[in-house]
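Take a look at the structure set out below.
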Amino acid sequence: MNTKSKTVPGRRGRPEGAPTKRINTRFPAGLAEKIEYAAALRGVAVAAFIHDAAADRADRVIEADARWQLTRNEAANLAALIAKPPKSHQTMLDAAKLAARHVVIRS
């Protein structure tokens, strides 16, 4: 049984599939040569190399934005504050009100 699916050419001989969007960009000559060399080392087309590199970088940026990374010391300090929070005083309450006007919580 053949499990490979065949793509049927669509408009202008392009395979049918998910819609694509073009993003045009220009690279300095040195960077373009570096990208072409790296793509050749991997044995892939320049467009495929750029596509994969951009997708990987975008995933890392989105992932980094989704969570905080604390050092061991920062994590220990945070755990200590959660375990035994400081008593509230007027300066702290004023700071919390000020921060509430400038902080955007993303979900």
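The values are calculated or read from the model by the stated rules, or taken from the named source; none is laboratory data. For clarity, every value in this text was computed on a predicted model and none was experimentally measured. Cβ placement follows ideal geometry from the backbone for every residue including glycine, while neighbour counts extend to all protein chains displayed.
Of everything listed in (1) at pLDDT below 95; (2) closer than 30 Å to Arg26 by Cα, the single unmet condition for Ser88 is (2).
A Cβ distance below 6 Å, combined with a sequence gap of six or more or placement on separate chains, defines the contacts here; from region 34-54, residues that are without any contact (Cβ under 8 Å) to a residue 40 or more places away in the chain and within 16 Å of Asn24 (Cα to Cα) reach residues that are assigned to a helix (DSSP H, G or I) and of a type outside the set (Ser, Thr, Tyr) in the pairs Val46/Glu36; Val46/Ala39; Phe49/Ala39. The condition (being under 27 Å from the mean Cα position of the chain (by Cα) and not β-branched (Val, Ile, Thr)) is satisfied by just one residue among Leu41, Leu93, Leu81, Leu98: Leu41. When Leu70 is tested against (1) of a type outside the set (Gly, Ala, Ser); (2) modelled with pLDDT of 90 or more; (3) part of a helix (DSSP H, G or I), only condition (3) is not met.
Counting only residues that are surrounded by fewer than 10 Cβ atoms within 10 Å (Cβ to Cβ) and at pLDDT below 80, region 8-57 holds 9 of them.
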